[in-house]
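The values are calculated or read from the model by the stated rules, or taken from the named source; none is laboratory data. Given the structure is predicted, the values throughout are model-derived calculations rather than measurements. Quick reminder, even Gly has a Cβ in these numbers, built from the backbone with ideal geometry, and neighbours come from all protein chains shown.
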Protein chains: 2
Amino acid sequence: MDGLTVADAQRCVIAAMKILGTESVPLKQALGRVLAEDVRANRDQPPYDVSAMDGFAIRSTDVVSVPATLEIIEDIRAGDMPRKTLNAGQCARIMTGAPVPPGADAVIRVEDTQAIGAHQVQITVTVKPRNDIRDRGENMTTGEVVLARGTAITPGVIGMLAMVKQAEVPVYRQPRVAILSTGDELEGLDEPLNPNKIPDANSYALMAQVQALGIDPVLLGIARDDPDDLRAALQRGLQFDVLLVSGGTSVGVHDYVRPTLEALGVQMQFWRVAMKPGHPMAFGIAPLTWVFGIPGNPVSSMVCFEEFIGPALRKLMGHTRVFRQTVTARLAREIKHRHRRTEFVRVMLAREDNIWVATPTGNQGSGILRSMALAEGLMVVPAASADVAAGATVQVQLLDGMNFQQDAGGEW
Amino acid sequence: MDGLTVADAQRCVIAAMKILGTESVPLKQALGRVLAEDVRANRDQPPYDVSAMDGFAIRSTDVVSVPATLEIIEDIRAGDMPRKTLNAGQCARIMTGAPVPPGADAVIRVEDTQAIGAHQVQITVTVKPRNDIRDRGENMTTGEVVLARGTAITPGVIGMLAMVKQAEVPVYRQPRVAILSTGDELEGLDEPLNPNKIPDANSYALMAQVQALGIDPVLLGIARDDPDDLRAALQRGLQFDVLLVSGGTSVGVHDYVRPTLEALGVQMQFWRVAMKPGHPMAFGIAPLTWVFGIPGNPVSSMVCFEEFIGPALRKLMGHTRVFRQTVTARLAREIKHRHRRTEFVRVMLAREDNIWVATPTGNQGSGILRSMALAEGLMVVPAASADVAAGATVQVQLLDGMNFQQDAGGEW
């Protein structure tokens, strides 16, 4: 096998990642981060026994035989405190979420009552004690851990944090990420068009992949194929937590990246992964920095990001779910597989009869970035696989495009 | 049926949404937006016939019988232009991506050659014309539409935009979104703890749901149950494209939201949806603003956002895929369904033998926000459904937590 297997390379990368420390951020900036401490309830919730419905707080012994006519002695709204205690034959009008008054032991919904003037109500049903009462502390009790350290902060978690009034949230620090492209042939985004050059797409595609994880990377630009220029750029990159270097990692005469990284103290862990695209994928460890050497062509670069760098960054952020969601799909047309590398085939995905159907995006050449722009998933063809026939069941990693779908899903 | 069906309410909302106009943003801020114009190639790519491999550019007629020894007349690197024309018996050393020199019509990979000193090489294979040459314009030709208007900007699309050097990107404008909570019982995040009050979780959960779509909403705070205060707050909200009002939409005596909105010129489209949680869900249209009236309890609020408001915001952003991705799953334990409303059951999801297994998060009470914080999906129980048995095949909408998984998926 020419290079590590994908699974071994992933294990090597993930095992090397360590959480970077903690910081506190305002609740408005906490989405997508990971809790660095347990979060505890700051009060009982509900703080009292409260009504689960709009209706009447009553004594259940008063409605053993119905209809029963009760005297309304008070109106209790959410946010009010009851001022009176119910005696036999009395009730209180009560709103959802309002505290149940002393003496009451059940709530009757307004639908099960009939008004008799302003001060009396007829109850038409019998209920058990505690009917439609939510118990004090039913949602949470003071001091209880309501969110554990390591929880990924989704919108629902933001709601819980607001519920316990955590205006500042302890989270793991984000990795600082630098991106460097290398190669004399590259033309920067703000340079004039030169037909002899190739636009630097990698820096921006990698930037967007990092941004999609909620991290704002720093673009270091393009280092030329000159040992001094490259060395200076790599030295700058080694001040970050994570350095992504694209290009210059193959074995051509002009590929200075590897020796320069090693001269700067980076311990290379591997230089080849048995995958396609993405074969010349490298990973090294410096005292302060994890370094990824990424193939110069943009499809390979993006696939290597998905398989290794994205998972690594998510682990650094404190996430435990670090890999792209994988789904089972039916392959729409044959894929030839005549080599011993794991292949990542760019596919479009559709749902047909509740089954995913994966259709390759066309030309899978690693220079064809359009295949990645169209891709909604990466179909994995294991290294040992033969050709994969049309109709075969395959595994597909979902990419960013697949979080949403066009139709609502049903007439429900 | 008490209220519109979910599907009818979704259609009503989506049909009312209109794209808001276009703007130009720097490439670094374009991720997640939608292209408002076609994007065209700014040059042929490759700009010349280029080598697909590291090797030697040759004349195929020179290698009809092999081994053949050729004279190396030039080294051509990516980014160089050839200076010489090949004559019979000559070749040029060439790197991947470098232009093929005049006279050459094929490339031989370095693996299929043997060096003979510095200036000669022995070729050991016969190849057809065009072997390992990528044609000028193979990826894109000048003026060709490479990305269509309406394309959602994923990392792959960012790469394509950099490839055609689109430093400023024409995109649809984002909706400006305001969030208002209502109710005397609510306690703001920065207010001291008062056991008679309920913390305002809705504003923040809604904020995070809007943020997750890439939009930064404005929080208008809490309007009290006072007609003047409420009117002023709603007037402020009606200066935004979209106003989310939570609480005060049921029919209690203290619910001023509906009459105040109507007095301010909002044409209400519906006030009830036959769903659980989320029954008192309202939608109205003002001259400048789409208004959503959202139930005051946080689970209902979050579910209503997922079903109606998120899709509406995504349509306003120009997306065509606006609904949460739905997957088929196996239900882990029975769900009772004894009413005629569509129910959204909060579930956790796991993959077992390549099948999704959906497990309800426990107490499904609409006051139990923890069920939403734990939820990885919303299982849909159609209004007409009977009880759903353990083991049944069900449809589940994936929430934010499910974009990533813990393991890489396989030993590939």
Checking A:LEU4 against (1) touching a strand residue (DSSP E or B) at 6+ places or on another chain (Cβ under 7 Å); (2) closer than 28 Å to B:LEU399 by Cα, the condition it does not meet: (2)
Residue identified as aromatic (Phe, Trp, Tyr) and either more than 9 Å from every other protein chain (Cβ to nearest Cβ) or touching a Cys at 6+ places or on another chain (Cβ under 9 Å) (or both) among A:PHE323, A:PHE270: A:PHE270
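Take A:LEU180 and decide whether it is outside any helix (DSSP H, G or I), away from every other protein chain (no Cβ under 14 Å), on the phi < 0 side of the Ramachandran plot and among the aliphatic types (A, V, I, L, M).
Details: outside any helix (DSSP H, G or I): yes; away from every other protein chain (no Cβ under 14 Å): yes; on the phi < 0 side of the Ramachandran plot: yes; among the aliphatic types (A, V, I, L, M): yes.
Judged against the criteria, A:LEU180 is a match.
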If you take the residues in region B:375-393 that are farther than 8 Å from B:LEU331 by Cβ and more than 11 Å from chain A (Cβ to nearest Cβ), which one is surrounded by the fewest Cβ atoms within 10 Å (Cβ to Cβ)? B:ALA386
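Any idea which of A:LEU244, A:LEU288 is more than 14 Å from chain B (Cβ to nearest Cβ) and of a type in the set (A, V, I, L, M)? Give the derivation first.
Details: A:LEU244 fails: more than 14 Å from chain B (Cβ to nearest Cβ).
The conditions single out A:LEU288.
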Looking at this structure, is A:PHE404 aromatic (Phe, Trp, Tyr) and either on the phi > 0 side of the Ramachandran plot or facing another protein chain (nearest Cβ under 8 Å) (or both)? yes
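Please find, among A:THR320, A:THR328, the residue that is among the β-branched types (Val, Ile, Thr), surrounded by fewer than 22 Cβ atoms within 10 Å (Cβ to Cβ), out of contact with any Asp or Glu (no Cβ under 9 Å at 6 or more places or on another chain) and closer than 24 Å to A:PRO175 by Cβ. Spell out how you get there, then give the answer.
On the way: A:THR328 fails: closer than 24 Å to A:PRO175 by Cβ.
Exactly one residue qualifies, and that residue is A:THR320.
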Is it the case that some residue within region B:116-139 is touching a strand residue (DSSP E or B) at 6+ places or on another chain (Cβ under 7 Å) and without any contact (Cβ under 8 Å) to a residue 12 or more places away in the chain? no
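In this structure, does B:GLN239 turn out to be polar (S, T, N, Q) and farther than 30 Å from A:MET140 by Cα? Before you say what the answer is, go through the steps one by one.
Numbers: polar (S, T, N, Q): yes; farther than 30 Å from A:MET140 by Cα: yes.
It is true that B:GLN239 is polar (S, T, N, Q) and farther than 30 Å from A:MET140 by Cα.
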Name the one entry in A:ARG11, A:ARG93 that is of a type in the set (D, E, K, R), surrounded by 19 or more Cβ atoms within 10 Å (Cβ to Cβ) and within 11 Å of another protein chain (Cβ to nearest Cβ). A:ARG93
Scan region B:203-222 and tell me whether some residue there is out of contact with any helix residue (DSSP H, G or I) (no Cβ under 9 Å at 6 or more places or on another chain) and among the charged types (D, E, K, R). no
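Does region A:141-160 contain any residue that is hydroxyl-bearing (Ser, Thr, Tyr) and surrounded by fewer than 19 Cβ atoms within 10 Å (Cβ to Cβ)?
So far as region A:141-160 goes, yes, one or more of its residues are hydroxyl-bearing (Ser, Thr, Tyr) and surrounded by fewer than 19 Cβ atoms within 10 Å (Cβ to Cβ).
Is it fair to say A:GLY159 is within 26 Å of B:LEU399 (Cα to Cα) and not basic (Lys, Arg)? Break it down into steps so the answer makes sense when it comes.
On the way: within 26 Å of B:LEU399 (Cα to Cα): yes; not basic (Lys, Arg): yes.
Spelling it out, A:GLY159 is indeed within 26 Å of B:LEU399 (Cα to Cα) and not basic (Lys, Arg).
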Failed item, numbered, when A:ALA358 is tested on (1) in contact with a helix residue (DSSP H, G or I) (Cβ under 7 Å, 6 or more places away or on another chain); (2) among the aliphatic types (A, V, I, L, M); (3) free of Cβ contacts under 8 Å to residues at least 40 places away in the same chain: (1)
Sole exception among (1) touching a Leu at 6+ places or on another chain (Cβ under 9 Å); (2) within 14 Å of chain A (Cβ to nearest Cβ); (3) surrounded by fewer than 23 Cβ atoms within 10 Å (Cβ to Cβ) for B:ALA223, by number: (3)
Among (1) hydrophobic (A, V, I, L, M, F, W, C); (2) surrounded by fewer than 20 Cβ atoms within 10 Å (Cβ to Cβ); (3) out of contact with any Asp or Glu (no Cβ under 7 Å at 6 or more places or on another chain), there is one condition B:LEU20 misses while meeting the rest; what is its number? (3)
Would you check which residues across region A:310-343 are touching a Phe, Trp or Tyr at 6+ places or on another chain (Cβ under 8 Å) and polar (S, T, N, Q) and list them? A:GLN325, A:THR328, A:THR342
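Where in region A:241-346 are there strands (runs of 3 or more DSSP E), lying fully within it, with 3 or more residues that are in contact (Cβ under 8 Å) with a residue 40 or more places away in the chain and within 23 Å of A:GLN395 (Cβ to Cβ)?
Values: elements: A:242-246, A:267-270, A:282-285, A:290-294, A:326-331.
Per the criteria, A:326-331.
Of B:ALA57, B:ALA52, which residue is out of contact with any helix residue (DSSP H, G or I) (no Cβ under 7 Å at 6 or more places or on another chain), within 13 Å of chain A (Cβ to nearest Cβ) and more than 13 Å from B:PRO170 (Cβ to Cβ)?
Details: B:ALA57 fails: within 13 Å of chain A (Cβ to nearest Cβ).
Selected residue: B:ALA52, the only one of B:ALA57, B:ALA52 that is out of contact with any helix residue (DSSP H, G or I) (no Cβ under 7 Å at 6 or more places or on another chain), within 13 Å of chain A (Cβ to nearest Cβ) and more than 13 Å from B:PRO170 (Cβ to Cβ).
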Just one of (1) surrounded by fewer than 22 Cβ atoms within 10 Å (Cβ to Cβ); (2) touching a Pro at 6+ places or on another chain (Cβ under 8 Å); (3) over 22 Å from A:LEU243 (Cβ atoms) trips up A:GLU191, so point out which. (2)
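For region B:122-155, give me the residue count where each residue is in a loop (DSSP other than H, G, I, E, B) and within 30 Å of B:GLN29 (Cβ to Cβ).
Going through region B:122-155, the residues in a loop (DSSP other than H, G, I, E, B) turn out to be B:124-132, B:135-139, B:141-144, B:148-151, B:153-154.
From what's left, within 30 Å of B:GLN29 (Cβ to Cβ): B:139, B:141-144, B:148-151, B:153-154.
The number of residues fulfilling the criteria is 11.
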From the list B:VAL34, B:VAL39, which residue is more than 10 Å from chain A (Cβ to nearest Cβ) and within 30 Å of B:GLU306 (Cβ to Cβ)? B:VAL34
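When you go through B:VAL63, B:VAL110 one by one, which is the residue that is buried (at least 16 other Cβ atoms within 10 Å of the Cβ), in contact with a Leu (Cβ under 9 Å, 6 or more places away or on another chain) and more than 30 Å from B:ARG321 (Cβ to Cβ)?
On the way: B:VAL110 fails: in contact with a Leu (Cβ under 9 Å, 6 or more places away or on another chain).
Exactly one residue qualifies, and that residue is B:VAL63.
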Considering (1) within 11 Å of another protein chain (Cβ to nearest Cβ); (2) in a helix (DSSP H, G or I); (3) surrounded by fewer than 24 Cβ atoms within 10 Å (Cβ to Cβ), say which one A:ASP228 fails and leave the rest. (1)
Of the conditions (1) outside any loop (DSSP other than H, G, I, E, B); (2) more than 7 Å from chain B (Cβ to nearest Cβ); (3) over 18 Å from the mean Cα position of the chain (by Cα), A:ARG370 fails just one. Which one is it? (2)
When you go through B:VAL64, B:VAL13 one by one, which is the residue that is in the same structural domain as B:VAL266 (by TED's automatic domain parsing) and farther than 26 Å from A:ILE222 by Cβ? B:VAL13
So, in region A:344-367, of the ones that are within 9 Å of chain B (Cβ to nearest Cβ) and either crowded, with 21+ Cβ neighbours inside 10 Å or within 28 Å of the chain's Cα centre (by Cα) (or both), which residue ends up farthest from B:ARG330 (Cα to Cα)? A:GLY367
Could you list, in sequence order, all residues of region B:183-199 that are within 20 Å of A:GLY137 (Cβ to Cβ), of a type outside the set (A, V, I, L, M, F, W, C), at the interface with chain A (Cβ under 7 Å from one of its Cβ atoms) and assigned to a loop (DSSP other than H, G, I, E, B)? B:GLU185, B:PRO195, B:ASN196, B:LYS197
